[in-house]
Structure formats: C-alpha cells, structure tokens
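The values are calculated or read from the model by the stated rules, or taken from the named source; none is laboratory data. The model shown is predicted, which means the values in this text are computed figures rather than measured ones. Here Cβ is always computed from backbone atoms with ideal geometry, including for glycine, and neighbour counts include all displayed protein chains. Keep in mind that these areas ignore ligands, DNA and RNA; they rest on the heavy atoms of the full protein, side chains included. Shrake-Rupley method; radii C 1.70, N 1.55, O 1.52, S 1.80 Å.
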Amino acid sequence: MRLLHSLAKTHASFDDPNLVSQAGLVPVMGLAQRAGLGELVAEHVRPGGECGVNAAVKLPCLVAGMAAGADSINDMDLLRHGAMTSLFGGVRAPSTLGSHLRCYTWGNVAQLERAGREFLVNLAGQAPLLPGADVLAFIDIDSMQKRVYGHKKQGARFGHTKIQGKSLLVRGLNALAATISTPIAAPVIAATRLRGGNAASARGAASLAARAIGTARDCGCTGTIIVRLDSAFYNAAVIGAVRRGGARFSVTVPLNASIRAAIAAIGEDAWTPIRYPRAIWDDQLGAWISDAEVAEVQYTAFASKKGQAVTARLIVRRVRDLNKQAAAGQDELFAVWRYHAVLTDSPFELVQAEGQHRDHAVVEQVFADITSGPLAHMPSGVFAANAAWLSIAAMAHNLLRAAGALASLPFAKARAATIRRDLIAVAARTARHARGHLTLHLPDGWHREHEWLNLLAAACGPPAAAA
C-alpha cells in the first residue's frame, strides 16, 4: 500500500505547473537556437497548405521532442508538461505538428535536408564535433530497412534485411544515410534519404555521397576523406561520384569470378597476419600469430564499362575456416580459408587500411541510436511526412552529439540514449522573480551537475569573442 501511495504522489507531481521534467532541453535548444535552426528552416523550407505555415516554429518543436525521446507524434505532448511552456515559446500541440508534416511534398523534404546539412555545419562551428577532421575523416554510407505496419503506409514494400546474421524479407521503408566521423570522434549524420521498401541499396547513393562529401568539407574536414561502403554499393556510379568529390573510397567487393582469380594469383608469402580475435603476439618473432591474414594486389574494376574503369588496391583478408570436427579426431588435411575483399585507393599501409575499412560498422551504431529513439516508428501514412521525420531525426541526433561534445569528453562519444538520460531528462522546479525573471532549481548533489553546467555555459552563455 505504501508503494502505491508513493507512485500516486509521484504521478500527481507531473501536473505541477512549476515542475520541469526535461530541464536539459534548455541548454540543448539554446544550442540549436545559437546554431540558427529556426532561421535556416525559415530560409529554406516552405511547405504549402494552410497547415504548412510557421515552419520555423514547428520544426524546432519536433527537433526538441525527438531530442527528449519522443518517437511518435503523440509523444510531442511532453513539450507541454508542467512549466515547459514557461521556458519555451511557440510550443505547438502534437496534432498541429502532425498536420504540418503531412503538408510536405518531396520538394519540401529536399529543402529540409538542405537546412539539416547547413545546421550540421553551424553545429560544427559551435561545438568540437569532429576533432581531427583536418587530418582524416570517414564518410560511411549504408541503408536500413525499417519495418512498418498497416496497409496504408505509402511506399511500404518487402525488402531484404539482416536479423541475427540471416537475410530476411521485411515489409517496410528503406532509409539511406551518410555519416561523418574521425578516428577520435563519434559519427554525425550528414545526409539522409527515404526510399520505398524494395529499393536497391545503391539507388541514389551517388548523389548522396556527393552531398555528404560537400557537407564534410563545410564542417572542416580539410584533410583526407575516405568514403567507406559495403558490397551493395560496389558500382561505377558511386565510386565515380566519390572521386569527383575529391575523396577516396573503400568498398567491399563481391566475390565474383574475376575477384576469385585475382585472389588466387596472390602468393603464399604475400600474406601478413593481423591482430584479430584469438590472435597471439609472439615476442620472439615480433609478429601476430593469428587465424586471419591480409594481402593486396592491384585490380581494375568495371573494365567492361567504357570510361568508367577504376584501377586501385584490392585488399584481401582471409580468415581460417575452423574445423568443427577437430575435437573428435577429424583433423584437416589442408587449411581452408574464407576471403573478404576490399577495393580501395586509401593512402594508408596495408594493415591500417584494412582495419579502417572494418570500422565501417560504426554506421550500424548510428542506426541503432536513431531506431531506439525518434525512428522507433515511422508515424505517418504519408511517405513525404515520413521522409521529413527521418530528416528531423538526423537533426536531433546531430544536436545531441554536439550537446554531448560540449558537456564532457565521455559524453562526446556516448550514445544518444545516454545523453537523453543523463543530461536532458532532468527534473527541475521553476521559481519566478521580479520582472518575469525565471530560475531553475536543479536537484542537490546531482552527479551530472558539472557536465550539465558545462553545456549550459557553452550553449546559453555569452558568445565567443571574435578572432
């Protein structure tokens, strides 16, 4: 009985007009305002219809809701709890925000994506988002099949996805994304595009790569840029777009007959053991004793396509195929290997270039972040509205990444869910003083006080002095 009574009292406190349950939105949206989110939307995004007005107010509401953990239109009501409307002006009802998204056309989504790219550039100027980008940066491009339900979802089709290593057909929408990262920085989302569920992975990837490279340059990536892709993007158009953008490429190659012939021509003395799971360092030999080895050979891809041939390094990793019957006395007569090939023009040496390509898996972490947050649902039946929702989710992700970078070094690489839990979902009480001055009273002895104050000072304090 005491437990129920305590829960009832806690629930009642959420209606307190002086209580703020998401106090971390104050510095986060202060950062968004300083990065010009509203101004960029007003400049570029012009949806039609009577519900398309005031995009510069409604879109920041959607970004704020997603940053606080909203994953559907109805969840946007968290912006109106307690004293939230005392802290933020222009908060709109969830139904108003949903009607606004349904006014979008595909052209409006393109306008929104442009605003999102410029917003990322401004965030990079406000926070240390990409340290080391003047030396080396990576752009990772990949697609994700997002499962949807219902018979009225526009664009929903069956497409391939992998679940626990198995390829399955899943009915949904296909999201294509490009992320930017450095060896010491977590990835941010540079570009997105929503496609029908049955779209091929490489559809539209060439233009997306060109935009991502341009955005990376604008964000301060003045050094080497390597675009990493998996085998679904192995085609001449994508690689040509990367090269025209002044970047380098690293793409997984499917094992066709030509590739197998090139691998077979590699001599046994050309293979180098690498650090891999179960690898052992031999002090006497000064080398790794490993079940994985790498080698490289020159290879010309797309030779049959006039003017599109690409000659580059074919880096091959081979992994020992373990004999499952060895424990029962069924020893192998000769070693059996599984091969994984990468075509790249990376300037780095063999082992480093191969290891960098395997780090392409970081893009899956970004997909995990947004699907556990704002992209848990595709909330509308209208395709363009869902495409706009994806672009806004990318803005919210980048805003959280910038907020984490301003808070502390550990938060600069923390997951979005961690930033929401530790820096945004903070209970506070408001107190009014003379002339409308508002004070936020945060919890005493709070273990994230210093990080939160770092973020507040950077996002809402006086602007930095001009150089």
Once neighbouring chains are kept in place and the probe is 1.4 Å, which whole percent of the accessible area of the chain is contributed by carbon and sulfur? 53
Points 7 angstrom from Cα along the Cβ direction at GLU50 and PHE158: gap in nanometres? 4.3
For a Förster distance of 51 Å, can you work out the FRET efficiency between the beta-carbons of ASP444 and SER72, rounded to the nearest 0.05? 0.90
Over segment 55-108, with neighbouring protein chains present, the accessible area per residue in Å² at probe 1.4 Å is 35
Between (i) 38, 27, 22; (ii) 45, 26, 23; (iii) 95, 21, 18, the structure-derived semi-axes √(5λ) of the Cα gyration tensor in Å is (ii)
Apply 1/(1 + (r/R0)^6) to the Cβ-Cβ distance of TYR339 and ALA368, taking R0 = 25 Å, and write down the FRET efficiency to the nearest 0.05. 0.30
FRET efficiency for ALA457 and ILE266 from the Cβ-Cβ distance with R0 = 56 Å, rounded to 0.05, comes out at 0.50
Among GLN365, LEU399, ALA384 the positive-end extreme of the charge dipole of the chain (Cβ point charges): ALA384
Within segment 42-147, GluC sites (Glu not before Pro) in DSSP loop having at most 12 other beta-carbon neighbours inside 10 Å: GLU50
Need the full-extension length gain, HIS437 to HIS151, defined as separation in residues times 0.36 nm minus the C-alpha distance. One decimal, nm. 97.8 nm
Within the chain, helix-based [θ] at 222 nm, where runs of 4 or more DSSP H residues each add -39,500 (n - 2.57), nearest 500: -11000 deg cm²/dmol
Per its Cα gyration tensor (rounded if a/c is under 1.5, else prolate when a/b beats b/c, else oblate), segment 117-274 is best filed as oblate
Trypsin sites (Lys or Arg not before Pro) restricted to DSSP loop in segment 139-222 with at most 10 other C-beta within 10 Å: LYS152
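Can you pick out the pairs among LYS58/LYS146; LYS146/LYS413; LYS58/LYS152; LYS162/LYS413; LYS152/LYS413 whose Cα atoms lie more than 29 Å from each other?
Where the Cα-Cα span goes over 29 Å, the pairs concerned are LYS152/LYS413.
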Which shape class applies to segment 30-147: rounded if a/c is under 1.5, otherwise prolate when a/b exceeds b/c and oblate if not, where a ≥ b ≥ c are the square roots of the Cα gyration tensor eigenvalues? prolate
Can you tell me the dipole magnitude for the chain around its Cα centre, using point charges on the Cβ only (Lys, Arg +1; Asp, Glu -1), in Debye to the nearest 20? 1540
Solvent-accessible heavy-atom area per residue, rounded to whole Å², over segment 342-467 at 1.4 Å: 45
Dipole size in debye (nearest 20) for segment 15-92 around its Cα centre, Lys and Arg Cβ +1, Asp and Glu Cβ -1? 220
May I ask you to compute the full-extension gain from ARG203 to PHE88, defined as 0.36 nm times their residue separation minus their alpha-carbon distance, rounded to one decimal in nm? 37.3 nm
Stretched fully, the stretch from VAL135 through ALA110 gains (0.36 nm per residue minus C-alpha distance, one decimal, in nm) 5.9 nm
Work from the charge dipole of the chain (Cβ charges, +1 for Lys and Arg, -1 for Asp and Glu, about the Cα centre) and give the residue of ILE259, TYR339, THR85 farthest towards its positive end. THR85
Going through segment 330-415, which trypsin sites (Lys or Arg not before Pro) have at most 15 other Cβ atoms within 10 Å and a DSSP loop state? LYS413
Distance between the C-alpha centers of segment 136-171 and segment 194-239? Whole Å please. 17
Taking Cα pairs under 8 Å and at least six residues apart, what relative contact order does segment 374-457 come out at, in percent? 22
Enumerate the helices in the chain for which the Kyte-Doolittle hydropathy averages -0.5 or more and the C-alpha atoms extend at least 15 Å along the helix's axis, using complete DSSP H runs. 2-13, 55-67, 106-126, 205-218, 383-407, 449-460
Over segment 180-281, with neighbouring protein chains present, the accessible area per residue in Å² at probe 1.4 Å is 42
Would you mind classifying segment 201-271 by shape? Square roots of the alpha carbon gyration tensor eigenvalues, ordered a ≥ b ≥ c; an a/c under 1.5 is rounded, otherwise it is prolate if a/b is larger than b/c and oblate if not. oblate
